[in-house]
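Engineer: To start, I am sharing the structure in question, which I have written as structure tokens.
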Amino acid sequence: MPQPPSAVSRDEPVIRDRGDACPGALRLHAADDGYLARVRIPGGALTAEQAAHLACAADRFGDGHLELTSRGNVQLRGLADGCGAGLAEVLDAAGLLPAPAHERVRNIVATPTSQDVLPWVRELDRLLCANTRVTALSGRFLFALDDGRGDVAALEPDITVLGQPGDRALVRLGAAEGAVAVAGRDAPRAALLAAEYFLDAVDAAGTRAWRVAELPAGHALDDGLLAARLADAGIGAVRVPAVDWPYCAPPPPGPYDPLCVLPPFGRLSTGQWRALVQVAERGDGLRITPWRTIVLPGAADPAPLEEAGLVVSPDSPWRSVTACTGRPGCAKSLADVRADARALVERAPGPLPVHWSGCERRCGHPRGTQWVDALATADGYRLSVDGRTLPYRPDLAAALTAARANTSPPQSPKTQ
């Protein structure tokens, strides 16, 4: 089972021989179902008015749907060739394109149930958009602004800011054991300077790395050197050699405070999206989370969302089922994985999450290893857990139920 790109060992440095082709709102990606646009939403924070503009764009230019990504961003699919200028005009009017040259590097995730991190989000986004140097960052480079609980800090970001008591913050480079402590007011600027430090290391390494974890060992980032850089820039910084990094599970769907909504597969029709907008208008906007859910601060009534087909129950089987795009949107996919997953979501329950993949790339798979890999092949689905291929069963529902219970012993690979 392949590991996420950020988990690549430094013993085998990644050497890029091409530029980053990550899609954006202005750089559209050609897919089998038309062009795709990815709109960056720093911190996942949208006003109801901005969200309404996105629905209009999906109807006017796309296939009438919106997709949530694992970076808390929004994708439009099925776009027609030549729609780029019109789409950019709509997004600009909504305030979603503050700096066109920077739009692909505004990858900021933030604790979605916290209002305290929003000033950090806004300031870091402002600093990014005003800095020419950071346009060299990959569209995959990720900042995480965590209020201290450890939810988005667990997403393998490249630069983490973790809130601390006393209006302090820790700045972490990749998966380092230690960090640099700074005043909370300096945290966004420290994160920007950390990104510049990464770019300097990329230039020195000559490997065109996209992520911190891709740097070769001889050019790995050092928190002691970061502390010195921050001090040179007038930021009081103290190196903390070892940190007990916290972890907090993502907010579950449910009518809590704040209300959290889960769209199956992270995909919504514009009708469902507008139902969200109507609820958000009575609250405090929307927060798109990196777990493909939506938090609605200040909202109280989940009934219109349930009626629209969205999940607001923590007991829903949809909470642990994900899938790649599959057919017909992806030419590499060997199956319509979302249709197959939908057919079995109620019939194949289990404690382990399951991710349905149309090909070996396994796009969008969960982090870690404790999940069921349902991989489409030319002969059907091959199920595996922890890299172990499970025994073939002709009844896919029964096979998947057993896999999610993780009751099958290891067995030599066999295509299902």
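The values are calculated or read from the model by the stated rules, or taken from the named source; none is laboratory data. All of these numbers come straight from a predicted model, not from anything done at the bench. With ideal geometry, Cβ positions are generated from the backbone for all residues, glycine too; neighbour counts draw on all protein chains shown. Each accessible area value is taken on the protein alone, full model and side chains, heavy atoms only, with ligands, DNA and RNA left out. Shrake-Rupley method; radii C 1.70, N 1.55, O 1.52, S 1.80 Å.
Engineer: If you scan region 80-100, which residues turn out to be part of a helix (DSSP H, G or I) and touching a strand residue (DSSP E or B) at 6+ places or on another chain (Cβ under 9 Å)?
Structural biologist: 84, 87, 91
Engineer: A follow-up question, please. Can you find even one residue in region 7-18 that is over 29 Å from residue 130 (Cα atoms), of a type in the set (A, V, I, L, M) and assigned to a helix (DSSP H, G or I)?
Structural biologist: yes
Engineer: Can you name every one of the strands (runs of 3 or more DSSP E) wholly within region 21-75 that holds 2 or more residues which are touching a residue at least 24 places away in the same chain (Cβ under 8 Å)?
Structural biologist: Values: elements: 29-31, 34-39, 65-68.
Counting at least 2 such residues, we get 34-39, 65-68.
Engineer: Would you call residue 276 assigned to a helix (DSSP H, G or I), surrounded by 17 or more Cβ atoms within 10 Å (Cβ to Cβ), of a type outside the set (Ser, Thr, Tyr) and in contact (Cβ under 8 Å) with a residue 60 or more places away in the chain?
Structural biologist: yes
Engineer: Pick out, from region 154-263, the strands (runs of 3 or more DSSP E) lying fully within it that include 2 or more residues that are closer than 15 Å to residue 143 by Cα. Working first, answer last.
Structural biologist: Numbers: elements: 159-164, 168-173, 179-183, 238-240, 259-261.
In region 154-263, 159-164, 168-173 are the strands (runs of 3 or more DSSP E) which contain 2 or more residues that are closer than 15 Å to residue 143 by Cα.
Engineer: Of the residues that make up region 281-295, is at least one basic (Lys, Arg) and open to solvent by less than 40 Å² (accessible area, probe 1.4 Å)?
Structural biologist: Taking every residue of region 281-295 in turn, at least one turns out to be basic (Lys, Arg) and open to solvent by less than 40 Å² (accessible area, probe 1.4 Å).
Engineer: Taking residue 308 as meeting all but one of (1) modelled with pLDDT under 95; (2) in contact with a helix residue (DSSP H, G or I) (Cβ under 7 Å, 6 or more places away or on another chain), write down the number of the exception.
Structural biologist: (1)
Engineer: Something else: Taking the stated definitions as given, is residue 339 in contact (Cβ under 8 Å) with a residue 24 or more places away in the chain, hydrophobic (A, V, I, L, M, F, W, C) and more than 15 Å from residue 317 (Cβ to Cβ)?
Structural biologist: no
Engineer: Within region 299-410, which helices (runs of 4 or more DSSP H) (wholly inside it) include 2 or more residues that are closer than 30 Å to residue 259 by Cβ and open to solvent by 30 Å² or more (accessible area, probe 1.4 Å)?
Structural biologist: Correct list: 303-307, 337-344.
Engineer: Could you count how many residues in region 176-195 are open to solvent by 40 Å² or more (accessible area, probe 1.4 Å) and under 15 Å from residue 239 (Cα atoms)?
Structural biologist: Looking only at that region, the number is 1.
Engineer: Then there is this: Give the residues of region 271-288 that are out of contact with any strand residue (DSSP E or B) (no Cβ under 7 Å at 6 or more places or on another chain), at pLDDT 95 or above and not acidic (Asp, Glu), sorted by residue number.
Structural biologist: Hits for region 271-288 are 271, 272, 274, 275, 277, 278.
Engineer: What pairs come up if the first residue lies in region 167-185 and is at positive phi, the second is open to solvent by 10 Å² or more (accessible area, probe 1.4 Å), and their beta carbons are under 6 Å apart, counting only those six or more places apart or on different chains?
Structural biologist: 174/213
Engineer: Determine which single condition residue 259 fails, assuming it passes every other condition in (1) open to solvent by 70 Å² or more (accessible area, probe 1.4 Å); (2) of a type outside the set (Gly, Ala, Ser); (3) under 26 Å from residue 345 (Cβ atoms).
Structural biologist: Only one criterion in (1) open to solvent by 70 Å² or more (accessible area, probe 1.4 Å); (2) of a type outside the set (Gly, Ala, Ser); (3) under 26 Å from residue 345 (Cβ atoms) is unmet by residue 259, namely (1).
Engineer: Moving on to the next point. Return the only residue of 113, 135 being free of Cβ contacts under 8 Å to residues at least 60 places away in the same chain and open to solvent by 20 Å² or more (accessible area, probe 1.4 Å). It would help to see each step written out before you state the result.
Structural biologist: Values: 113 fails: free of Cβ contacts under 8 Å to residues at least 60 places away in the same chain.
Every option except 135 fails the conditions.
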